[in-house]
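Report on the following structure.
The values are calculated or read from the model by the stated rules, or taken from the named source; none is laboratory data. Model, not experiment: these values are computed from the prediction. So basically every Cβ, Gly included, is an ideal-geometry build from the backbone, and we count neighbours across all protein chains shown. What goes into the accessible areas is simple: the full protein's heavy atoms, side chains included, and nothing from ligands, DNA or RNA. Shrake-Rupley method; radii C 1.70, N 1.55, O 1.52, S 1.80 Å.
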Number of protein chains: 2
Amino acid sequence: MLFDCGEGAQRQLMIAGLSIEKISNIFITHMHGDHVLGLPGLLMTMSLQNRRSPLRIFGPIGLRQFIESCLPMIFHQPTFLLDIQEFVGSDLITSGKNYKVYSHRVKHSVESYAYCFKEDDRPGKFNVERAEELGIKPGPLRSMLIRGESVKLENGRVIRPEEVVGPPRPGVKIVYTGDMGNTPGFEDFCRNADILIHEATFDETMSSQADELQHSTCVEAAKLAAKTGVKNLVLTHISSRYGDASIILEQAKKFFSNVQIAEDFMSIDIF
Amino acid sequence: MLFDCGEGAQRQLMIAGLSIEKISNIFITHMHGDHVLGLPGLLMTMSLQNRRSPLRIFGPIGLRQFIESCLPMIFHQPTFLLDIQEFVGSDLITSGKNYKVYSHRVKHSVESYAYCFKEDDRPGKFNVERAEELGIKPGPLRSMLIRGESVKLENGRVIRPEEVVGPPRPGVKIVYTGDMGNTPGFEDFCRNADILIHEATFDETMSSQADELQHSTCVEAAKLAAKTGVKNLVLTHISSRYGDASIILEQAKKFFSNVQIAEDFMSIDIF
């Protein structure tokens, strides 16, 4: 899964040693150049690599026209099925074997969305020691308990799942904002995220510019993270006016301690 | 002057410490993505930098449609005058204070051009010692001689320019091919170039693929350089199948010794 695709994304993917072929879904937050101009080149490279598997690209209206008019102008015809899915509004965008991806409309100068990747909740932990004590042998009885069903032992005793299985463990939740200004009602979308990747174009002294241009300050992002029980906050899309981002980080830390500045090739372990 | 603008060109310009603002002319060889996909982002950055001076972009038909349809789709309106000049055929493309730029149509799968940057010839070297011997004092008489006019000294003697001024020194000539297959009649365009920047997509063992795809081998490029009195040959556009380009260089050297492989950030002193 790739979220946004600015100019040079394919180059950074190659340097990072990530497989371009394995990308099956691309999610575009909005149609500004710094979020989409890497798409035509990435699609070209996929074809050069003779890709055969379909690729789905999700994004706001305008995405289809951009791709479908751009490619013929550079004489490019993909070697694979390109499934462009434009959507409008906050919704469930796609789901896979054990995850879902949601959109949330956010305020910006053009139609713009945040995305949430949510892994399905996983079953609770099976307490092997307690099972042994109760005389539940490895096999079908244990599987039934893990699936949430009660079982009857040979001695007639009925065991309820909660006696040996812990509470369901919530799946990973990652929220990525793209570009956004202050968006009322966005809190629920971020609630308890393991990682919130939030734009922080400006520092707090430029909050009026942030309002005007419908971008965020680092302090707005940090306050949101604190308010919604987010575990890790990663700030990105920092204006090039900040030679290094130390002021952005310092200001954010006053409101939320577990914060870092996104960097090229950064990799984050979730557990 | 920028010749071609692939994806990421602006990033490399920034890393190289070159001023994007100072680019006044861009020359596009053909409309394949790896030669033009850096244009929209470069134009966006120019506007972000609040550029006011006009920019001229030269290229084949299709260039205008690409730029003029791409920019509105990413909601971009340049802050400066964008003067897109499409041309057809081999011609004088533009000229400046002391240079000209020419195009030469070359064989490729789409309409494609090579470019020649030619500095005007400079006056011959003034022989100060000889002038002193002849009694020509610094001043207007010397200027006339440099301009190619004969002068009469106080003693009545007439001095012709060739007595004190060397032959005109040819201006710098640089030829850049873009993508091309074997193009009859291309030799004159390259004649005596100080630098020939020639595509070499393939090595000699793949000459049939080169023919089929209308690209060049390193040996074709080297033979052309040898035949046309080129001083330096720089090979570029080497297929990614060559992990390093040593085979390309080795094969080329058999036919032309003063050859090198282009690399990012390479800078070449002409004198």
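Before moving on, here are some points about what is shown:
- Hz values of 3J(HN,Hα) by residue in the stretch A:64-72 - Karplus curve (6.51, -1.76, 1.60), Gly and Pro given as x: 4, 4, 4, 6, 6, 8, 5, 4, x
- P(r) weight above 17 Å for the stretch B:1-150, C-alpha pairs, percent: 68
- For chain B, a Gaussian network of Cα nodes joined below 10 Å ranks B:M206, B:M73, B:M14 by mean-square fluctuation, and the top entry is B:M73.
- The tail of the calculated P(r) for the protein assembly as shown, taken as Cα-Cα distances beyond 37 Å, holds 49 percent of the pairs.
- Shortest first, B:E212 label-point distances to identical copies amount to 5.9 nm, with the label point at 7 Å from Cα along Cα→Cβ.
- Computed from the C-beta positions of A:S208 and B:D91 and an R0 of 51 Å, the FRET efficiency is 0.45 to the nearest 0.05.
- Considering only trypsin sites (Lys or Arg not before Pro) in DSSP loops that have at most 16 other Cβ atoms within 10 Å, the longest stretch of chain A without any of them is A:53-96.
- The residues of the stretch B:1-86 have, on average, 41 Å² of accessible surface per residue, using a 1.4 Å probe with all protein chains present.
- Selection from B:S103, B:I159, B:Q85 lying farthest towards where the dipole of chain B points positive, charges on Cβ: B:I159
- Taking only the Cα atoms of the stretch A:1-86, the radius of gyration and Dmax are 11.7, 32 Å.
- Look at the alpha carbon pairs under 8 Å that are at least 6 residues apart: their mean separation over the length of chain B gives a relative contact order of 13 percent.
- Shielding of peptide B:6-12 by partners, expressed as the average count of other chain Cβ atoms within 10 Å per residue Cβ, is 4.
- More than 23 Å apart - percent of Cα-Cα pairs taken over chain A: 61
- Test item: Cα-centred dipole of the stretch B:60-203, Lys/Arg +1 and Asp/Glu -1 on Cβ, debye: 620
- Considering only Cα atoms, the convex hull volume of the stretch B:147-270 works out to 132 Å³ per residue.
- Taking both sides together, the accessible area buried where B meets A is about 1900 Å² for a 1.4 Å probe.
- The other copies place their B:S267 label points at 3.5 nm from this one, listed shortest first, where each point is 7 Å from Cα along Cα→Cβ.
- Remark: the B:R52-B:K107 segment gains 16.1 nm on full extension, using 0.36 nm per residue and subtracting the alpha carbon distance.
- Under a 5 Å amide H cut-off, with hydrogens placed 1.01 Å from N, A:I261 pairs with A:L235 among residues at least 5 apart or on other chains.
- Using θ = phi - 60° and Karplus 6.51 cos²θ - 1.76 cosθ + 1.60, couplings along the stretch B:203-214 (whole Hz; Gly, Pro as x): 8, 5, 5, 10, 5, 6, 4, 4, 4, 4, 8, 6
- The rotation axis that maps chain B onto chain A passes nearest to the beta carbon of this chain B residue, listed with its distance in whole angstrom: B:G8, 2.
- Here the stretch B:1-86 exposes an accessible surface that is 55 percent carbon and sulfur, computed with a 1.4 Å probe and the other protein chains kept in place.
- Teacher prompt: B:E86 distances to equivalent labels in other copies, 7 Å Cα→Cβ, nm: 2.5
- Cα convex hull, the stretch B:82-170: 132 Å³ per residue, rounded to a whole number.
- Once the gyration tensor of the Cα atoms in the stretch A:97-146 is diagonalised, the equivalent ellipsoid follows with semi-axes of 45, 10, 5 Å, ordered largest first.
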